[in-house]
Amino acid sequence: TWFSSALWTFSTLGWPEKTDDLAAFHPTSFMSPAYEILQLWVSRMILMSTFHLGQVPFRTVMIHGLVRDSAGRKFSKSLGNGIDPLVLIEKYGTDALRMSLLVGNPIGSDISFDETKVKAYKNFANKLWNISRFTLSNTEEIVVNEAGVPTEADKQLLEEFAGIMRDITGDFEEYRFHLASEKLYQYVWHRFADVIIEESKKILIGEDETAKLSRQQTLLAILQHILIALHPFMPFITEEIWAHMPKSKDKNTNLLMIEKWPQV
């Protein structure tokens, strides 16, 4: 098993034939295994790739921990303490399961699995859906970054969010995914949903058309970047919401998964 797995980085690309895929995609750049197979797999992949192709197969290896039960025990068939991810996905959704395994779990540390945490991120997915529905229903025919200058209040909101995005971008670049996901969760729920949207309700039904247009564009712009930033963690709900987003100068693609990361 480990001998054939050691060939994985290049055997899947058509080797020993000199295929276009092999030329285009090897070597790769990034690998993320658990610490228990560092010697069993990672070192063997490096050895085999170097021997057969004269290439190091990847330059960055991010070693993650193991998922254990609530008592800290390793999942075991004999103990019967394992979980079936398909059952949890059916119950709570894939995005909720992904978030529960990332938020608050530093890379490299073992995770004590807790189903209540998965349920909590199902609620977060519902919150994201609801704030998106509110934003889209109140911004029909609005185009982001077009025809209008933001008010001072909205400039402050955009600058605040730009700061959050800079922090999150830095976390991604340094592989601090547990921090990036936590910051997004806190901002979306406790800042965007609880504060910004609530205060926007009066503006959106008010008579100041300049303030209304500014707030509509601001809500759309922030939501657009929230979806991009959350997509690596919650790909399914963000892709679905993205399909309903209006066109903008910054939105040139149909699929969120190939959208460029925001430059702030």
- Item | Percent carbon-and-sulfur accessible area, region 32-122, ignoring ligands, DNA and RNA, probe 1.4 Å | 57
- Message: Less than 18 Å apart at the alpha-carbon level, and either on another chain or at least 8 residues along: which aspartates and glutamates does that give for Lys119?
- Response: Asp69, Asp84, Glu90, Asp95, Glu182
- Item | Residue-normalised accessible area of the chain, expressed per residue, 1.4 Å probe, Å² | 57
- Label points 7 Å out from Cα along the Cβ direction at Ala71 and Thr28: separation in nm? 3.6
- Query: If the chain between Ile205 and Glu152 were fully stretched, how many nm would it gain, using 0.36 nm times the residue separation less the Cα-Cα distance?
  - Reply: 17.2 nm
- Query: trypsin sites (Lys or Arg not before Pro), restricted to region 39-70: which are DSSP loop and have at most 16 other Cβ atoms within 10 Å?
  - Reply: Arg59
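The values are calculated or read from the model by the stated rules, or taken from the named source; none is laboratory data. Please read all numbers here as calculations on a predicted model, not as lab measurements. Because the Cβ atoms are built from the backbone with ideal geometry, glycine has one as well, and the counts that use them run over all protein chains shown. When the accessible area is computed, the model is the full protein with side chains, heavy atoms only, and any ligands, DNA or RNA have been set aside. Shrake-Rupley method; radii C 1.70, N 1.55, O 1.52, S 1.80 Å.
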